[in-house]
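The values are calculated or read from the model by the stated rules, or taken from the named source; none is laboratory data. Since the model is a prediction, treat every value here as computed from it, not as a measurement. Don't worry about glycine lacking a Cβ; one is built from the backbone with ideal geometry, like all the others, and counts go over all protein chains shown. All accessible areas refer to the heavy atoms of the entire protein, side chains included, with ligands and DNA or RNA removed. Shrake-Rupley method; radii C 1.70, N 1.55, O 1.52, S 1.80 Å.
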Amino acid sequence: MAAATRSRTLAPLHWLRRNAVVLAGAASLLYLLLPNVVVMLFSFNKPAGRFNYEWRAFSTDAWTDPCGVADMCGSLGLSLQIAVLSTLFATAFGTFAAFALARYRFRGKGTGNALIFLPMAMPEVVMGASLGTLFLNTRVAFGFVTILIAHIMFCLSFVVVAVKARVMSMDPRLEEAARDLYAGPVQTFLRVTLPLAAPGIAAGAMLSFALSFDDFIITQFNAGPSTVTFPMFVWGAAQRGVPVQVNVIGTAMFLIAVAVVFGGQIATARRRRRS
């Protein structure tokens, strides 16, 4: 009888030990998603004043008129344009650099690998200030081009790391088999190498887009007086009162990102079933 009672008493402890990792992961995920839930909730708020910090009443006014705040959609369009272009350039250059660092031996390769990690380890304020000083000394007008160059530079390292990790994990025997079947270099690259490296390239591209769209510090140092990105608009609006439409844009971007991730997972699962 005492043994049975003791077993029932220790059962919750055994269950916690078996599921400790799962519970810790769920708690971490909840902690990460909680701010997004708050942003979503307050996108349906109707604040009494300029500040959207206290729940007042449910309203869909901000969703029906997301561009109701002056210059907000213009700054959003500028951020999207810079993020898309910087992602395209950083992904292309980063993919070439990743293949070179992973597949070839050349003088200065170790130095190149170290320099690739430098922008990731360097504080953004240092990179932003140094790039701003460079543009100022070379008399380059601050504006769209300077922001784009700065974003490509700090996104490049993340793309190289993501693609390089994927390339180094690829089985070289697959490419050798393609060459044995009389496939040319271009055919081997397009039909074997590129599909195998595609997950790493896609991961680097998505990370690059997210970093570029969300960046404020480096953009602040390299922007012109008429180039106001969405993060800069939010920072300026925070001094006067952040409008509800900012929550709407944040919610929409979050939902789009979740849809892209789930879409990729579904597509990957379908390919695995077919194979």
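Highest mean first, what order results for 134-141, 114-121 on Cβ atoms within 10 Å?
Ranking, from highest mean packing down: 114-121, 134-141.
Return the loop-located trypsin sites (Lys or Arg not before Pro) in the stretch 182-275 (DSSP other than H, G, I, E, B) with at most 15 other Cβ atoms within 10 Å of their own Cβ; answer none if there are none.
Qualifying residues, ordered by number: Arg240.
Need one number: convex hull volume per residue for the chain, Cα atoms only, in Å³.
Output value, Cα hull per residue: 252 Å³.
Can you list the DSSP H helices in the chain whose Cα atoms extend at least 30 Å along the helix axis and whose mean Kyte-Doolittle hydropathy is 1.0 or higher?
For the chain, where a helix must reach 30 Å along its axis and average at least 1.0, the hits are 20-42, 72-103, 144-168.
Give the cysteines in the chain for which no other Cys Cβ lies under 4.7 Å away, or write none if there are none.
Taking the Cβ cut-off of 4.7 Å, the unpaired cysteines of the chain are Cys155.
Just going by the charge dipole of the chain, with Lys and Arg at +1 and Asp and Glu at -1 on Cβ, which of Pro243, Thr227, Leu13 is farthest out on the positive end?
Leu13
Please list the non-local residues whose amide H lies under 5 Å from the amide H of Asn45, H modeled 1.01 Å from N, same-chain partners needing a gap of 5 or more.
Ser59
For the stretch 67-129, just say rounded, prolate or oblate: build the C-alpha gyration tensor, square-root its eigenvalues into a ≥ b ≥ c, call rounded for a/c under 1.5, and beyond that prolate if a/b exceeds b/c, oblate if not.
oblate
How big is the accessible area of Val258 in square angstrom, nearest 10, if you roll a 1.4 angstrom probe over the protein chains?
Around 50 Å² of this residue is reachable by solvent.
Please compute the contact order of the chain in relative form: average sequence separation of alpha-carbon pairs under 8 Å and at least six residues apart, divided by the residue count, as a percent.
Across the chain, relative contact order equals 31 percent.
Going by average Cβ density within 10 Å per residue, which order do the peptides 74-84, 103-113 take, highest to lowest?
By packing density, highest mean first, the sequence is 74-84, 103-113.
Using only the heavy atoms of the protein chains and a 1.4 Å probe, how would Tyr53, Tyr31 rank by accessible area, largest first?
From most exposed to least exposed: Tyr31, Tyr53.
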